[in-house]
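Below is one structure; the comments refer to it alone.
Just so it is clear, none of the values below were taken in a lab; they were calculated from the coordinates. Since the structure is predicted, the reported quantities are computational estimates derived from the model, not experimental observations. So basically every Cβ, Gly included, is an ideal-geometry build from the backbone, and we count neighbours across all protein chains shown.
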Amino acid sequence: MKGKIITLILFFVLIISCSKEDDGGEMTVGGNPVANNQKTLGASSHDLLADDTFKSMVIEVAYVQGYEPSATAINNFVAFLTERVNKPLGINVVKKPIASPGKATFTNQDIVAIEDANRTEYNSSNQIAVWAFFVDGASSSNTSTSYILGTAYRNTSFVIFEKTIQGLSDSPFEPNRSLLETTVIEHEFGHILGLVNLGAKMQTNHEDTVHAKHCNVQSCLMYWDSESGSSIGNMVSGGTVPKLDSQCLADLKANGGK
């Protein structure tokens, strides 16, 4: 968008054919097929939401020292999941500090390579695993008028550009950091859960015709921009994280969620 005011855009990227499941020759870590966590975005919507295969979830929160997400944001994230997914054996968070990659900006390929080199939690017989990486740099796709704050790029993987979030929060006239973190985390995970029209079948047509895979309800967490259409700052201006609207909730429930 053109203009003098810097806008913050919640952005997601589908990486197509990240990996291919075969009958043989799969890479494994601890006997678990890595390929099961390297599918396209939205492919694990049902498995994440329902309890017919996976009874629990583990979230591996990897972060560069100094860029750990706030405890409030992680607690909010777990509460968000608890309300939406059927995991009777619980949701476990495993934190993992990693060395700085030593870059100022990151391409999607860079983020994939970091995950492949550092991820240790993969799906097991009854537990589904998620990778969440908080990086000490910015997206290479940033422009002079927009910043990418987070990207969901595989079926169980997303990145938060924590350095960018820290630079745009907790100062006068800026959003509260935990609130901003929570909003971006939950938005990106909404895509992993299959929203919108991304693995969780729409019960009514509510996909934005201009901004694909986003909800057309401006007050919804999965709206592409904000309530006033200018920046994410407006989405959190009321001091609360935007909620999923009734249509998004119906999609999740129909695919195995609460």
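Which FRET efficiency, nearest 0.05, do T53 and K103 yield, Cβ-Cβ r, R0 51 Å? Each step should come with its number before you reach the end.
On the way: r = 37 Å, r/R0 = 0.72.
My answer for the efficiency is 0.85.
At R0 = 35 Å, how high is the FRET efficiency between A212 and S140 if r is their beta carbon distance? Nearest 0.05 is fine. The partial results should precede the final answer.
On the way: r = 22 Å, r/R0 = 0.62.
For R0 = 35 Å, the calculated efficiency reads 0.95.
Check which residues have an amide H placed less than 5 Å from N92's amide H, if you skip close sequence neighbours.
The list, which skips near neighbours in sequence, is M57, V58, I59.
When only C-alpha pairs under 8 Å and at least 6 residues apart count, what is the relative contact order of region 35-151, in percent? If you can, show how the numbers build up before the last one.
Numbers: 158 pairs, mean separation 43.9, N = 117.
With pairs under 8 Å counted, the relative contact order is 38 percent.
If you count, for each residue, the other Cβ atoms within 10 Å and average over each peptide, how do 125-131, 107-113, 39-45 line up from highest to lowest? Provide the component values of the computation, followed by the final result.
Working: 125-131: 19.1, 107-113: 15.9, 39-45: 21.9.
By packing density, highest mean first, the sequence is 39-45, 125-131, 107-113.
Give K87/K201; K87/K163; K95/K201; K96/K201; K39/K243; K87/K253 a once-over and call out the pairs whose C-alpha atoms are over 24 Å from each other.
On the way: K87/K201 21 Å; K87/K163 32 Å; K95/K201 32 Å; K96/K201 34 Å; K39/K243 27 Å; K87/K253 14 Å.
Violating the 24 Å Cα-Cα cut-off are K87/K163; K95/K201; K96/K201; K39/K243.
Based on Cα coordinates alone, diagonalise the gyration tensor for region 99-159, multiply each eigenvalue by 5, take square roots, and list the semi-axes in whole Å, largest first.
Details: eigenvalues 122, 34, 13 Å².
Each semi-axis is the square root of five times an eigenvalue, giving 25, 13, 8 Å.
Starting from the amide H of F134, placed 1.01 Å from N in the peptide plane, find each other amide H under 5 Å away whose residue is 5 or more places distant or on another chain.
Amide H neighbours of F134, under 5 Å, 5+ apart: A62, Y63, V64, I160.
Taking H as built 1.01 Å from N, whose amide H comes closer than 5 Å to the amide H of D170, not counting residues under 5 places away?
For D170, the qualifying residues are N176, R177.
If contacts are Cα pairs under 8 angstrom and at least 6 residues apart, what is the relative contact order of region 124-220 in percent?
Values: 114 pairs, mean separation 18.4, N = 97.
Relative contact order comes out at 19 percent.
Under the Karplus relation 6.51 cos²θ - 1.76 cosθ + 1.60, θ = phi - 60°, what is the ordered set of whole-Hz ³J(HN,Hα) values for region 60-72, x standing for Gly and Pro?
Running phi through 6.51 cos²θ - 1.76 cosθ + 1.60 with θ = phi - 60° gives 8, 9, 9, 8, 7, 3, x, 10, 5, x, 5, 4, 4 Hz.
Enter the Cα centre distance for the pair region 62-109 and region 113-189, rounded to the nearest angstrom.
Using only Cα atoms, the two centres lie 8 Å from each other.
Residue by residue through region 125-138, which ³J(HN,Hα) values in whole Hz follow from phi under the Karplus form 6.51 cos²θ - 1.76 cosθ + 1.60 (θ = phi - 60°), with glycine and proline marked x?
4, 9, 10, 9, 10, 10, 10, 10, 10, 10, 9, 8, x, 10
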